[in-house]
Amino acid sequence: MTTGIRTASRRYQGKRNRLDRPELLAPAGNLEKLKFAIHYGADAVYIGGQKYGLRSNADNFSFEEMREGVEFANRYGAKVFVATNIYAHNEDIEGIEAYLRNLEDVGIAAIIAADPVIIETAQRVAPKLEVHLSTQQSTMNWQAVKFWKDEGLPRVVLARETSFEEIEEIKKHVDIEIEAFIHGAMCSSYSGRCVLSNHFTDRDSNRGGCCQSCRWKYDLFVDDAPMYEQGEDQFTMGSKDLCMIGYLPELIEVGVDSFKIEGRMKSIHYVATVVNVYRQAIDAYFADPEGYELKQEWIEEMNKAANRPLNTGFFLDTPGVEDHIYGPEEKAAPYDFAGIVLDYDDRTGFATLQQRNHFKVGQEVEFVGPGGTFFKQTVTELTDESGAALDVARHPLQTVRIRTLKPVKPMDMMRKKIR
């Protein structure tokens, strides 16, 4: 698998603004994912409400869930942002003032917005809400960034197509927080401008309905003749995923203020694993910038959560033909998420788990927790809640008990090797 995880030789120079160190910003598609993202090291999370966001198929949050999420985040000193980043049609605007006031009332720190009417309305009716410019505005040059700063925005989320050189130039000219995607799925079109979904399924990408048409399988024809025989792998055109763990010093030195991870539709295991790796790397850099080294164990851990082959997006140069997936996707992650630790009994050495995937006695598993705590073992003893012996944890969300080689903590994860 081509990972794109390597160390850059070039150094870029930028500047920090209001943040002493970069914020690690994680996606949270529901309340459980929010809690795991923050527990594993996110400084902030971004979520979607039940209106005005671009992930209409995510679970999304009610105002009651938002309030609970904010209360949880506050205990960790973290923040919660809400995506309100649709491009609104006339019928979308009704109710926006009340919605934004409710976000302010439940304690949301900021909204992420692209449409000027949503931006202006938030500034007018909910002044305690920060407004961060969404990547949907495709902002890539310092004059555009300056325009939005002059409009009163404290932060701009740059287009995914922005390079290191362009970020460097922006930071030289504009004193503003810069947020950049550093990990996750990339749009194979110009981000946020694809209309394939609209034409194929009547689902508007810019109103939260993208059906990911680029990842479908297609037949190709030349002069009405198919290029593929029946049974052959069909054509796709999805891009590889972004991963910048190998360029952490460059991201910090160029002055990116917020490191954004993509993936509100991704699993708890994916979000927690990716956050955990970047948290360790950021902390290691600031503990000893001159002696910082990329650890092989971080790369190995990141690959356990990767859904697709990885690359560096537009940061270093323009992606080429090798940066897209034109045939069957290689399954990158050789592990499946198998369970969440609910409790641990020091006296018996048994952990209580909630099963999230089928596993059995005799199978090799791994336990991982925040800060890189990690160990492997074979499942030797497995029981149900009453203590009756089991050979397999086969039922979804089944509560089971497993003897562990080392102590574990609630919210630690267990995964199993699948190949």
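The values are calculated or read from the model by the stated rules, or taken from the named source; none is laboratory data. On a predicted model such as this, the values are computed, not experimentally measured, just so you know. Neighbour counts are summed over all protein chains in view; Cβ atoms, including those assigned to glycine, are modelled from backbone coordinates with ideal geometry. These accessible areas exclude ligands, DNA and RNA; they are computed on the full protein's heavy atoms, side chains included. Shrake-Rupley method; radii C 1.70, N 1.55, O 1.52, S 1.80 Å.
Overview of results
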| item | result |
| --- | --- |
| Matching strands (runs of 3 or more DSSP E) fully within segment 317-387 where at least 2 residues are open to solvent by 20 Å² or more (accessible area, probe 1.4 Å) and charged (D, E, K, R) | 335-345 |
| Given (1) open to solvent by less than 10 Å² (accessible area, probe 1.4 Å); (2) part of a loop (DSSP other than H, G, I, E, B); (3) among the acidic types (D, E), index of the condition D175 fails | (1) |
| Checklist (1) touching a residue at least 60 places away in the same chain (Cβ under 8 Å); (2) open to solvent by 20 Å² or more (accessible area, probe 1.4 Å); (3) not in a loop (DSSP other than H, G, I, E, B) applied to D233, failing item | (3) |
| Filter result (closer than 14 Å to E151 by Cα and either surrounded by fewer than 20 Cβ atoms within 10 Å (Cβ to Cβ) or touching a Pro at 6+ places or on another chain (Cβ under 8 Å) (or both)) within segment 95-120 | P116, V117, E120 |
| Failed item, numbered, when A159 is tested on (1) aliphatic (A, V, I, L, M); (2) under 30 Å from P127 (Cβ atoms); (3) touching a strand residue (DSSP E or B) at 6+ places or on another chain (Cβ under 7 Å) | (3) |
| Checklist (1) among the aromatic types (F, W, Y); (2) open to solvent by 20 Å² or more (accessible area, probe 1.4 Å); (3) out of contact with any Leu (no Cβ under 8 Å at 6 or more places or on another chain) applied to Y270, failing item | (2) |
| Residue selected from segment 149-167 under the condition open to solvent by 30 Å² or more (accessible area, probe 1.4 Å) and touching a helix residue (DSSP H, G or I) at 6+ places or on another chain (Cβ under 8 Å), by the criterion farthest from V106 (Cα to Cα) | R160 |
| Top-ranked residue of segment 390-406 - restricted to ones that are in a loop (DSSP other than H, G, I, E, B) and among the charged types (D, E, K, R), ranked as nearest to G339 (Cα to Cα) | R394 |
| Of the criteria (1) open to solvent by less than 10 Å² (accessible area, probe 1.4 Å); (2) in contact with a strand residue (DSSP E or B) (Cβ under 6 Å, 6 or more places away or on another chain), which one V254 fails | (2) |
| Filter result for R155 (closer than 12 Å to V256 by Cβ and in contact (Cβ under 8 Å) with a residue 24 or more places away in the chain) | yes |
